[in-house]
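Student: Once you've had a glance at the structure underneath, I'll fire off some questions.
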Amino acid sequence: MEKTSKTLLKISFSGSKAHRIREIKELIKNKKYTRVIEVFGGSCCISNNLKRDNHVKEAIANDYDHYFDNFKDNINYKEKLIDKLIELGFVKSNKTLSKDKREELQNLITDIQDNKNLLKYLAKNFVFSSKRSTKDLNVSDFCYFMDELSTKYDKEFYANLKNVHLDSLDYKDFIKKYSTFNDRDTLIILDPPYLNSYQKQYCNGKYFGLSETIRLLHTMKHLKNDFIFFNMIEKDSVDLLSLFGLNFTYNTIKTSLSSNNPREDFLAYVTFDEKESKYNPCLN
């Protein structure tokens, strides 16, 4: 298939893997995958970009928390809210809003307190990153006015996302429905809640810890589909994948959720059709 190089499709989404997409494309450039399935969808940016750029013929993503159910409406809400704030004299700044401005902002959005996906979508412009990544959002967390105000890129992302088949299932049911044993044509993307993070919540508040991660990798070992696996601490992740005897390469980059919260972002590419060493210490 023809491969094209375009601007990345991405939206503001805590934990998005948009910054790893070019790396993934490089990893799989010599493979002939015809489909990709993204088991823990999040922003669905990996499947969206691979499909848009013709790296695969089919892309399937698990929008398990229904984030995109009303995304067009959420975009429209943001546009109207931004216009209203500018009309009221709000000015972009990376500093906390004054008490009066905070109250003015929060009073404007009290009606969406129970709309968790809309709050999550708006958070990039109004909630500090440390709170976006560690807790359920509330209107009271909206306390600054910053970042990209235009919805141009969100609209482009959503227009292309219509070419990705979205479903909403528990990850075990999703894997069972969309994968088959020893499928050489499919690449599976796994970005589960991280082992070493404080946020281990998964779909309606379910806990996703060590035992669930082990269960996931056990499933993948027996499924024998090539997959990308994201997690947090490199040493722990390497030890875990090695324990399963998987063949993989990996790369870890440093990211920062906030100035006081640096972390490792681990990516492993696991394959089942190579007879080389158990694992390589780096991709390069």
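The values are calculated or read from the model by the stated rules, or taken from the named source; none is laboratory data. Just so it is clear, the model here is predicted, and its values are computed rather than measured. Heads up, the Cβs are rebuilt from the backbone with ideal geometry, glycines too, and the neighbour counts pull from every protein chain shown. Areas reflect the complete protein model, heavy atoms only, side chains present, ligands, DNA and RNA absent. Shrake-Rupley method; radii C 1.70, N 1.55, O 1.52, S 1.80 Å.
Student: Just read off the accessible area of residue 58 with the full protein assembly in place, 1.4 Å probe, to the nearest 10 Å².
Tutor: Here the residue's solvent-accessible area equals roughly 80 Å².
Student: Considering only protein heavy atoms and a 1.4 Å probe, what is the carbon-and-sulfur percentage of the accessible area of segment 95-161? Provide the component values of the computation, followed by the final result.
Tutor: Details: 1600 of 3440 Å².
C and S fraction of accessible area: 47 percent.
Student: Now for a different question. Charges on Cβ only, +1 for Lys and Arg, -1 for Asp and Glu, centred on the Cα centroid of the chain; of 28, 97, 214, which one is farthest towards the dipole's positive end?
Tutor: 28
Student: If you don't mind, there's one more thing I want to ask. Taking the Cα atoms only, what angle lies between the long axis of helix 71-87 and the longest principal axis of the chain, rounded to 10 degrees?
Tutor: 30 degrees
Student: Over 22 Å between C-alpha atoms is what I'm after, so list which of 95/116; 10/78; 29/176; 120/176; 57/78; 57/221 land there. Let's see the in-between values first.
Tutor: Numbers: 95/116 24 Å; 10/78 17 Å; 29/176 27 Å; 120/176 29 Å; 57/78 33 Å; 57/221 25 Å.
Correct reply: 95/116; 29/176; 120/176; 57/78; 57/221.
Student: Taking θ = phi - 60°, what integer Hz values does the Karplus form 6.51 cos²θ - 1.76 cosθ + 1.60 yield along segment 57-68, in sequence order, with x for Gly and Pro?
Tutor: 7, 9, 10, 10, 9, 9, 7, 5, 9, 6, 4, 9
Student: What FRET efficiency do you get for residue 95 and residue 218 if R0 is 51 Å and r is their Cβ-Cβ distance, rounded to the nearest 0.05? Walk me through the numbers on the way to the answer.
Tutor: Working: r = 48 Å, r/R0 = 0.94.
Working from the Cβ atoms, E equals 0.60.
Student: Report, by chain and number, residues whose modeled amide H sits under 5 Å from the one on residue 38, excluding near sequence neighbours (fewer than 5 apart, same chain).
Tutor: Residues meeting the criterion, in which the H sits 1.01 Å from N, are 60, 61, 62, 189.
Student: Can you tell me the 0 to 90 degree angle between the C-alpha axis of helix 152-161 and the longest principal axis of the chain, rounded to 10?
Tutor: The helix 152-161 is inclined about 40 degrees to the chain.
Student: With θ set to phi - 60° and the Karplus curve 6.51 cos²θ - 1.76 cosθ + 1.60, what are the ³J(HN,Hα) couplings of segment 18-32 in order, to the nearest whole Hz, using x for Gly and Pro?
Tutor: Per residue, the Karplus-derived 3J(HN,Hα) values read 4, 6, 10, 5, 4, 5, 5, 4, 5, 4, 9, 4, 9, 8, 10 Hz.
Student: Calculate, for the chain, the solvent-accessible area per residue in square angstrom, rolling a 1.4 angstrom probe over the heavy atoms of the protein chains.
Tutor: Values: 14320 Å² over 284 residues.
Counting only protein heavy atoms, the per-residue value for the chain is 50 Å².
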